[in-house]
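Heads up, the thing below is written out as structure tokens.
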Amino acid sequence: MNTTAFSQNKTTQLNPYLVKEILEASPQKLLIKIYDFAITHCQLHDMVKTNRALDELINSLNFDDEKAKEISVGLLRLYQYCQDQMRKKNHEIVYTILTDLKDAWLTIFNMKK
């Protein structure tokens, strides 16, 4: 069996509108999209995808800038706590934290909910 042909037929098509939206999004909008992804998958009790989104949020933290370092350390602890709570299936706690953080970022960015 030709596995190359099989894998090409099995590849999923990416939504071109979503790809365009992500490629043209500001860093603020991308951050909100990651929160949306995490919140959605938290509600679905999908630990893997929620924790993957939390990993992206952790990777976006800035520990180099002294002004941002204290906030980044606090967010790191919250994100790690959320990952731990997802492993313990405490989805409601994670949902509450993520939605509160998203709302705070929306306020900071002067974006509508």
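Values in this text are rule-based calculations from the coordinates and carry no lab data. Being a predicted model, the structure only gives us computed values, none of them experimental. Using ideal geometry, Cβ is built from the backbone for each residue, glycine included, and neighbour counts are taken over all protein chains shown.
Sorted ascending by nearby beta carbons within 10 Å, beginning with the fewest, Ser60, Ser26, Ser72 become Ser26, Ser60, Ser72.
Using the Karplus relation 6.51 cos²θ - 1.76 cosθ + 1.60 with θ = phi - 60°, the per-residue 3J(HN,Hα) values for region 42-58 come to 5, 4, 7, 6, 8, 4, 4, 6, 4, 5, 5, 5, 5, 4, 5, 5, 4 Hz, with x marking Gly and Pro. In the structure shown, the pairs Lys67/Lys89; Lys20/Lys67; Lys20/Lys69; Lys33/Lys67; Lys20/Lys89; Lys29/Lys69 are assessed against 30 Å; a Cα-Cα span above that value is assigned to Lys67/Lys89; Lys20/Lys67; Lys20/Lys69; Lys20/Lys89.
Result for the chain in a Gaussian network model with C-alpha springs under 10 Å: among Gln43, Gln80, Gln13, the largest mean-square fluctuation is at Gln13.
Charge tally around His41: other residues with Cβ under 15 Å, Lys/Arg +1 each, Asp/Glu -1 each, net +1. Its convex hull of Cα atoms gives region 15-108 a direction-averaged projected area, equal to a quarter of the hull surface, of 6.4 nm². Kirkwood radius, region 9-48, all distinct C-alpha pairs, inverse of mean reciprocal distance: 11.8 Å.
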